[in-house]
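Engineer: My questions will all concern the structure given below.
The values are calculated or read from the model by the stated rules, or taken from the named source; none is laboratory data. As the structure is a prediction and not an experimental result, all values here were calculated from the model. Cβ placement follows ideal geometry from the backbone for every residue including glycine, while neighbour counts extend to all protein chains displayed.
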């Protein structure tokens, strides 16, 4: 089995490469390192089953080897990153998706698109099922990511209809764990890094907005199960355990033996979702998958990794 992983030097992509290698696959990692890092894959560079190509998915790539899977994860994914690289984000999910779909079609490979819960926008229903069509601003600052992923889903679905391509769409919900960057911009790495620096934790709005955090090993396990089956509609991969941002800040403060109310309130960013919670009955039925790592265990693992790497 040989898999191409775009964005393979990123947080999620590098963990996916690791698990594919453990499963005995040959892995080609493609990344332009705009937000990924060679440090995430350094431990695999001496592995004969692993190949790294520094390349932008927005340019066609010539892969000589046979491919069984094309797993397209390449894209800036945190608000800080996609607001810094808006055009690059839209290109990675439009032109880049087109290039990877074409590669999968020519190679006779299965295709998997890494989509996101952000396609639901600021949802008006909870939990969010795969059938919910979303509440998305198509012109706001977050649209460069939200609408880009919606386009990527539409393009992937068109290849399924037009060419009978074996393609899957996974919608990720707030993945976290080791290898997140300390300046990532998302809540968990932000809070941990601020706590390590003895700074107040930045909470936007009043902190009542919720997220559902899924530990990295659970997500990767779901991805590998999804890539191996045939399914013609998107699948949510996330942990239904919902938590407010303010409660998250209090948990992180307690882990660092700080006053749990050591927070700094800032205005809520435009179009910031008020709620996130996945409905995962489809993943349970199709993949026999559900998260196994509880939040208490996952956040402690993540804090330990941050202390070890940045401490």
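Engineer: Would you call residue 221 over 26 Å from residue 272 (Cβ atoms), crowded, with 16+ Cβ neighbours inside 10 Å and at pLDDT 95 or above?
Structural biologist: So residue 221 fits the description; yes.
Engineer: Okay, moving on. Residues in region 254-275: is at least one part of a helix (DSSP H, G or I) and over 19 Å from the mean Cα position of the chain (by Cα)?
Structural biologist: yes
Engineer: Just need a number here: residues in region 224-243 that are within 15 Å of residue 278 (Cα to Cα) and out of contact with any helix residue (DSSP H, G or I) (no Cβ under 9 Å at 6 or more places or on another chain).
Structural biologist: Here the count works out to 2.
Engineer: Please go through region 201-218 and give me each residue that is within 19 Å of residue 303 (Cα to Cα) and touching a helix residue (DSSP H, G or I) at 6+ places or on another chain (Cβ under 7 Å), ordered by number.
Structural biologist: Within region 201-218, 201, 202, 203, 211, 213, 215, 216 meet the criteria.
Engineer: Still on this structure: Report, by residue number, each residue of region 156-169 that is out of contact with any strand residue (DSSP E or B) (no Cβ under 8 Å at 6 or more places or on another chain) and either farther than 12 Å from residue 111 by Cα or buried (at least 20 other Cβ atoms within 10 Å of the Cβ) (or both).
Structural biologist: If the condition is that a residue be out of contact with any strand residue (DSSP E or B) (no Cβ under 8 Å at 6 or more places or on another chain) and either farther than 12 Å from residue 111 by Cα or buried (at least 20 other Cβ atoms within 10 Å of the Cβ) (or both), then 158, 161, 162, 163 are the ones that fit.
Engineer: Looking only at region 270-306, count every residue that is in contact with a helix residue (DSSP H, G or I) (Cβ under 7 Å, 6 or more places away or on another chain) and closer than 18 Å to residue 185 by Cα and tell me the total.
Structural biologist: Number satisfying all stated conditions: 5.
Engineer: Applying the selection to region 72-106, what residues are in a helix (DSSP H, G or I), within 24 Å of residue 226 (Cα to Cα) and under 17 Å from the mean Cα position of the chain (by Cα)?
Structural biologist: Correct list: 92, 93, 96, 97.
Engineer: Working carefully through the options 33, 4, find the one that is assigned to a strand (DSSP E or B) and either in contact (Cβ under 8 Å) with a residue 24 or more places away in the chain or under 30 Å from residue 187 (Cα atoms) (or both).
Structural biologist: 4
Engineer: Continuing with the same structure: Could you check residue 150 against (1) buried (at least 21 other Cβ atoms within 10 Å of the Cβ); (2) without any contact (Cβ under 8 Å) to a residue 60 or more places away in the chain; (3) touching a strand residue (DSSP E or B) at 6+ places or on another chain (Cβ under 8 Å) and say which number it fails?
Structural biologist: Condition not satisfied by residue 150: (3).
Engineer: Which residues, counting only those in region 107-119, are within 17 Å of the chain's Cα centre (by Cα) and either farther than 24 Å from residue 224 by Cβ or part of a strand (DSSP E or B) (or both)?
Structural biologist: 111, 112, 113, 114, 115, 116
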